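Readers should treat all values here as calculations from the given coordinates under stated rules, not as data from a laboratory. Because the structure is predicted, anything quoted here is derived from the model rather than measured. Don't worry about glycine lacking a Cβ; one is built from the backbone with ideal geometry, like all the others, and counts go over all protein chains shown.
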């Protein structure tokens, strides 16, 4: 039973949800941070670094609450640094390599659109602490979405070269978007308790938001077909191990180290 809601739910289902959303922000935050010092312009370097910091800060809130719900004494740091690949529940989209600037922006936009809608729904959660975190983080994510949307429109409807790169990025990443809307028994349990929305219930609004931006960007939306999935169940791509090797190195090499 959740200690923060009057509705009886499985702690396992609640922990699963919290780690999914927290792992999404952790892994994408790490990916975006890889641009620090390497962005094509100083302004973009600062903007990407700030986005990464926002996402890591959100991770602290989601994984911190996950540790409380689990009741095994694990902190957000423990969950971030001391789990192995198959224990992570992030979607495959966020672990995709940065590629060029176009691919990084497109990945960010596709995720931001989902993230914004998810947090908007979570602001009405029957679980007060989840609603409070959603309320706090939704302001940051609204800015992330405004920025990524503006940039894909400007570059998609820009030069022939920028248009080509944005279209290639969209074509490459589209097959990783379907997993965002795949639900399971844990999702159904939380939805029935009013704690979180069914993932598939967000698809129509996401399609509308994405279609509108792609139209302005003069980009052609790929047809829905085969969609990669597995990350939400702990089945990841070959990239995940390399991410964790870098992300977790210090804590693994010097257990318990602190400043």
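Observations, loosely collected:
- Alpha carbon centroid spacing (whole Å) that separates region 165-240 from region 45-104: 18 Å
- Exposure proxy order (Cβ contacts within 10 Å, fewest to most) of 38, 236: 38, 236
- The Cα atoms of region 121-200 give a gyration tensor whose axes a ≥ b ≥ c have a/c of 1.5 or more with a/b no greater than b/c, which makes the shape oblate.
- Kirkwood hydrodynamic radius (C-alpha pairs) into Stokes-Einstein, region 93-146, 25 °C and 0.890 mPa s, D in µm²/s: 206 µm²/s
- Look at (i) 0.99; (ii) 1.21; (iii) 1.09: the one that is Cα Rg over 2.2 N^0.38 Å derived from this structure is (i).
- Gaussian network model of the chain, springs between alpha carbon atoms under 10 Å - residue of 242, 116, 88 with greatest fluctuation: 242
- Cα gyration tensor shape of region 57-150, rounded if a/c is under 1.5, else prolate or oblate by comparing a/b with b/c: oblate
- Helix-only mean residue ellipticity at 222 nm for the chain, each DSSP H run of n ≥ 4 adding -39500 (n - 2.57), per residue, nearest 500: -20500 deg cm²/dmol
- Extended-chain gain in nm, criterion 0.36 nm per residue less alpha-carbon gap, residue 72 and residue 239: 57.2 nm
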